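J.: Here it is, the structure in full.
The values are calculated or read from the model by the stated rules, or taken from the named source; none is laboratory data. Since we're looking at a predicted model, the values are computed, not measured. Backbone-built Cβ (ideal geometry, glycine too); neighbour counts: all protein chains shown.
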Amino acid sequence: MIEVEKFCLENGLRVVVHNDMSTPIVSFNLLYDVGSKDENPNKTGFAHLFEHLMFGGSVNIPVFDEPLERTGGENNAFTNNDFTNYYITIPKENLETAFWLESDRMLSLAFSKKSLDVQRNVVIEEFNQRYLNQPYGDVWLLLRPLAYRVHPYQWPTIGKEPDHIRNATLTDVKEFFFKHYAPNNAILSIAGPVTTKEIFELSTKWFGGIESRPIIKRNLPKEPTQTEPRSLEVERDVPFDSIYKVYHMCNRKNDDFQATDLISDILSNGKSSRLYQKLVRESNLFSDINAYITGDIEDGLFVITGRIYNNVSFKTAESAINEEIELIKSKSIKEYELEKVKNKFESNFKFGEANPLDKAMNLAFYELQGDANDVNLEIEGYRKVTSDKVKEVAKKIFRTENCSTLYYKAKNK
């Protein structure tokens, strides 16, 4: 069990503390409740752009990395649909450096034209290299708008197109920052050899003077229930045909979430999984096949994706996938198979808890969803899933009309 203590500053900054005496290193994690789902549909990619801009100098500190490196610290960040996360690992004796650096970034960035130009070019280059010029790189640029028609999950975190970043102005950037980057829109989680008292003192000293900002209440459009199957076929210069089938699924707080996650493991977690055994090893239809969930905070996607051998048609490959889906809907899963994926989940979850940084990240994420203490209930939630529940949830998800399929065809096959 992870022992957690929490407090909230007057400006709205929520702070979560876990005392871990097993390490001399402190993990400092700052989560902002802003992701790509909070962007203007005509100005996408801003949450991700900010992940880069936050390293381009703040109001009082021109270079973020230098003082951190001098004190033995390391840092990084990531953005997704739901939030943006910044993290630092640093020796305990130099922890105040992390508070100094992150509080100055929260106060205000430098907002120079030079920094914007540099980071804008970095992001556009990333867009080109990872999404446009890489084999299969544009898959999610195609899949998301196919599956989502209304909800802002319809674009990936990189954005819809490079021009949205290319055309970003300093005014746009400042507006986005002060609308979302604020103490009352952030969660700080600390894991390491610390006491709540000292974290309270440091938090008050460095973050307490930053005023809260007006945060507009999130009011995202609900994605309508999909009532007919959708499909898209594209041709690209890639070595193999690939198929991508995505089904709408529940959000993380839904009672069906754990069963849905376990279904993805039953189908595709490891070489003993159903899809690998049947479609790779026995039928020799796919060179590789996977099933996973996007795991979004709001209603997400259940994804099945496979690389098809050159002598196999899309029709044959898709029929084979559908047969396996029908089996999980119609036949009760045996207890040993369900127990196997539960055990695998539990061991992976506990292994993650052994790392103080993963612990700090998890605590911030669970606090974002309602309560950091819920991290201690996760394994129990998975343990409660029954064979009947698996079948019930599979029937809900794997409906023909709930599926969007991308046929990704190799040129000159």
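J.: Which ones in the range 239-253 are in contact with a strand residue (DSSP E or B) (Cβ under 6 Å, 6 or more places away or on another chain) and among the polar types (S, T, N, Q)?
T.: S242
J.: Within the group G270, G295, which residue is surrounded by 15 or more Cβ atoms within 10 Å (Cβ to Cβ), assigned by TED's automatic domain parsing to the domain that holds S404 and under 27 Å from the mean Cα position of the chain (by Cα)?
T.: Just one listed residue meets the conditions, G295.
J.: If you take the residues of the range 64-87 that are more than 15 Å from F99 (Cα to Cα) and among the β-branched types (V, I, T), which of them is surrounded by the fewest Cβ atoms within 10 Å (Cβ to Cβ)?
T.: Once the filter is applied, the top-ranked residue is T79.
J.: Given the conditions (1) surrounded by 14 or more Cβ atoms within 10 Å (Cβ to Cβ); (2) within 26 Å of I2 (Cβ to Cβ), report the number of the one that K350 does not fulfil.
T.: (1)
J.: Next question, about the same structure. Could you tell me whether any residue of the range 220-233 is buried (at least 17 other Cβ atoms within 10 Å of the Cβ) and either hydroxyl-bearing (S, T, Y) or more than 27 Å from L132 (Cβ to Cβ) (or both)?
T.: The answer is yes, given that some residue of the range 220-233 is buried (at least 17 other Cβ atoms within 10 Å of the Cβ) and either hydroxyl-bearing (S, T, Y) or more than 27 Å from L132 (Cβ to Cβ) (or both).
J.: Scan the range 277-292 for residues that are touching a residue at least 12 places away in the same chain (Cβ under 8 Å) and not in a loop (DSSP other than H, G, I, E, B) and jot them down.
T.: Passing the criteria: K278, L279, F286, S287, D288, I289, N290, A291, Y292.
J.: Please name all residue pairs, on different chains or six or more residues apart, with Cβ atoms under 7 Å, provided the first residue is in the range 128-142 and is in the same structural domain as I243 (by TED's automatic domain parsing) and the second residue is among the β-branched types (V, I, T).
T.: Between residues of the range 128-142 that are in the same structural domain as I243 (by TED's automatic domain parsing) and residues that are among the β-branched types (V, I, T), there is no close pair.
J.: Quick one: R213 ticks every box in (1) free of Cβ contacts under 8 Å to residues at least 40 places away in the same chain; (2) surrounded by 15 or more Cβ atoms within 10 Å (Cβ to Cβ); (3) in the same structural domain as N19 (by TED's automatic domain parsing) bar one, so which box is it?
T.: (3) is the only condition that R213 fails.
J.: Is one or more of the residues making up the range 79-90 over 23 Å from the mean Cα position of the chain (by Cα) and at pLDDT 95 or above? First the steps, then the outcome.
T.: First, the residues of the range 79-90 that are over 23 Å from the mean Cα position of the chain (by Cα): 90.
So of that shortlist, the ones also at pLDDT 95 or above come out as 90.
Yes, because at least one residue in the range 79-90 is over 23 Å from the mean Cα position of the chain (by Cα) and at pLDDT 95 or above.
J.: Those residues that are among the small types (G, A, S) and touching a strand residue (DSSP E or B) at 6+ places or on another chain (Cβ under 6 Å), I need them from the range 254-272; list them, please.
T.: S264, S268
J.: Continuing with this model, one more query. State yes or no: is I88 touching a Lys or Arg at 6+ places or on another chain (Cβ under 7 Å) and not small (G, A, S)?
T.: no
J.: Might you let me know whether the range 107-126 holds any residue that is crowded, with 19+ Cβ neighbours inside 10 Å and touching a strand residue (DSSP E or B) at 6+ places or on another chain (Cβ under 9 Å)?
T.: yes
J.: If I filter the range 17-54 down to residues being more than 19 Å from the chain's Cα centre (by Cα) and of a type in the set (D, E, K, R), which single residue comes out as surrounded by the most Cβ atoms within 10 Å (Cβ to Cβ)?
T.: The selected residue is D20.
J.: Is there a residue in the range 354-374 that is at positive phi, among the small types (G, A, S) and in the same structural domain as S268 (by TED's automatic domain parsing)?
T.: Checked the range 354-374: at least one residue is at positive phi, among the small types (G, A, S) and in the same structural domain as S268 (by TED's automatic domain parsing).
J.: So in the range 245-260, with the set limited to residues that are surrounded by fewer than 21 Cβ atoms within 10 Å (Cβ to Cβ) and either out of contact with any helix residue (DSSP H, G or I) (no Cβ under 6 Å at 6 or more places or on another chain) or of a type in the set (K, R) (or both), which one is farthest from Y153 (Cα to Cα)?
T.: The residue in question is D255.
J.: Output the number of residues of the range 322-336 satisfying the condition of being surrounded by 16 or more Cβ atoms within 10 Å (Cβ to Cβ) and in contact with a helix residue (DSSP H, G or I) (Cβ under 7 Å, 6 or more places away or on another chain).
T.: Taking the range 322-336 and keeping what is surrounded by 16 or more Cβ atoms within 10 Å (Cβ to Cβ), we get 324-325, 328-329, 333.
From the residues that got through so far, the ones that are in contact with a helix residue (DSSP H, G or I) (Cβ under 7 Å, 6 or more places away or on another chain) too are 324, 328-329, 333.
Residues meeting the conditions: 4.
J.: In the range 293-402, which helices (runs of 4 or more DSSP H) lie fully inside it and hold 3 or more residues that are under 21 Å from G270 (Cβ atoms)?
T.: Filter on the range 293-402 gives 314-330, 335-353, 378-383, 387-397.
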